[in-house]
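Engineer: I have a structure I would like to understand better, so I am pasting it below and will then ask my questions one at a time.
Nothing in this text is a laboratory measurement; each read-out follows from the coordinates by a stated rule. The model shown is predicted, which means the values in this text are computed figures rather than measured ones. Ideal geometry is used to build each Cβ from the backbone, glycine not excepted, and the neighbour counts take in all protein chains shown.
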Amino acid sequence: MTAAKQISVHEAEINLLAEYFETRRIEDVLELSAARYSPKLVMTSNFGVEGVVLLDHLMRLAPETPVIYLNTGFQFSETDEVKERLRDRYKFQLIEARSVLTVEEQAKIYGERLYETNSDLCCRIRKVEPLQRALAGFDGWLAALRRDQSPTRAAIKVVEWNERHQLAKIHPLAKWTRSDVWSYIVKHNLPYNRLYDDGYTSIGCWPCTRRVGAGETERSGRWAGSRKQECGIHV
């Protein structure tokens with residue numbers, strides 16, 4: 001007989017919060033998260049439109065919350081451009097997390113275009129491991145994931161216990177749709193990555209991101225031609 005999984009005090013609390021948060025507004029989620037986890041609350045973002053919406057709310061409700069940005073060395077220049085526009089607008093504390101290897105060092109060790117020969121390893125070196133180090137010491141992690149982005153995200157709760165990082169992971173936009181996000185961006189005239197105006201619907205590293213054609217799903221431009229849907233930081 002397989003032993004029943006032991007539920008920790010943290011997980012029990014998270015499960016209760018998940019039920020409570022499911023019917024609450026994003027403002028309620030952020031206010032309670034800040035009250036519960038600050039000053040050990042942090043947001044992660046590559047400043048896609050969802051991240052911009054979450055950031056706009058967060059900076060009004062808990063502006064002292066830092067933001068982790070994974071500087072992979074392969075980001076689009078347009079991503080860095082919107083990052084700086086948002087920093088100028090909100091004056092938030094930015095934590096730039098980087099791999100211990102430069103892009104050039106990685107190429108010497110693993111060969112050129114590791115993103116093509118072994119994308120999982122490339123993501124681990126440039127995203128997963130840097131995030132692991134950056135999240136150390138935090139108790140609450142805000143991420144701008146939505147359930148309707150992909151099948152891998154369809155079952156996310158507004159708040160979950162993240163076993164890998166041993167903290168609460170909070171998805172204030174879990175119930176939002178793509179239309180909700182863009183309506184908010186337009187209504188509040190918020191800055192956004194101009195690649196969205198050029199056929200991109202989900203923006204990651206430039207070697208692994210392409211424009212999306214008519215009828216394709218929102219994240220189909222990520223790791224095109226493979227079955228991969230996540231880089232590893234959210235699963």
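Engineer: Cross-link candidates for LYS108: which lysines have Cα within less than 24 Å, leaving aside residues fewer than 8 places away along the same chain?
Structural biologist: Candidates past the 8-residue exclusion: LYS127.
Engineer: Right, another one. Exactly which trypsin sites (Lys or Arg not before Pro) in region 48-111 are in a DSSP loop and have at most 16 other Cβ atoms within 10 Å?
Structural biologist: Within region 48-111, the qualifying trypsin sites (Lys or Arg not before Pro) (loop, at most 16 other Cβ atoms within 10 Å) are LYS91, ARG98.
Engineer: Search the structure for amide H atoms under 5 Å from the amide H of ALA97, placed 1.01 Å from N in the peptide plane, and list their residues when 5 or more places away or on another chain.
Structural biologist: The list, which skips near neighbours in sequence, is TYR69, LEU70, ASN71.
Engineer: If you filter region 53-106 for GluC sites (Glu not before Pro), then keep DSSP loop positions with at most 15 other Cβ within 10 Å, what is left?
Structural biologist: On the way: sites: GLU64, GLU78, GLU81, GLU84, GLU96, GLU104, GLU105; in loops: GLU64.
Here the GluC sites (Glu not before Pro) that fit, given the DSSP loop and packing criteria, are GLU64.
Engineer: Right, something else. Plugging the Kirkwood radius over Cα pairs into Stokes-Einstein for the chain, at a temperature of 10 °C and a viscosity of 1.306 mPa s, what D comes out in µm²/s?
Structural biologist: Working: Rh = 18.6 Å.
The estimated diffusion coefficient comes to 85 µm²/s.
Engineer: Can you work out the Karplus-derived ³J(HN,Hα) for every residue in region 36-52? Use 6.51 cos²θ - 1.76 cosθ + 1.60 with θ = phi - 60°, whole Hz, and x for glycine or proline.
Structural biologist: 7, 10, 5, x, 9, 10, 9, 10, 10, 6, 9, 6, x, 4, 4, x, 5
Engineer: So which cysteines in the chain don't have a second cysteine's C-beta under 4.7 Å from them?
Structural biologist: CYS122, CYS205, CYS208
Engineer: While we're on this one: Where does the charge balance sit around ALA174 when Lys and Arg score +1, Asp and Glu -1, over other residues with C-beta under 10 Å from its C-beta? Working shown, then result.
Structural biologist: On the way: positive: ARG146, ARG147, ARG153, LYS157, LYS175; negative: GLU22, ASP148, GLU160.
Charge balance in the 10 Å sphere: +2.
Engineer: While we're looking at this one, here's another question. Amide H to amide H, which residues 5 or more places from LEU167 or on other chains are under 5 Å from it, using H placed in the peptide plane?
Structural biologist: ASN162
Engineer: What are the ³J(HN,Hα) couplings of region 54-59, residue after residue, when phi is run through the Karplus curve with 6.51, -1.76, 1.60 and θ = phi - 60°? Round to Hz, x for glycine and proline.
Structural biologist: The phi angles translate into 5, 4, 4, 5, 5, 5 Hz.
Engineer: OK, next. For region 83-121 and region 36-65, what is the separation of their Cα centres, given in Å?
Structural biologist: Between the Cα centre of region 83-121 and that of region 36-65, the gap is 21 Å.
Engineer: By DSSP, what percent of the beta bridges with both residues in region 9-192 are antiparallel, rounded to the nearest 5? Walk me through the numbers on the way to the answer.
Structural biologist: Values: 4 of 16 bridges.
Around 25 percent of the beta bridges assigned by DSSP in region 9-192 are antiparallel ones.
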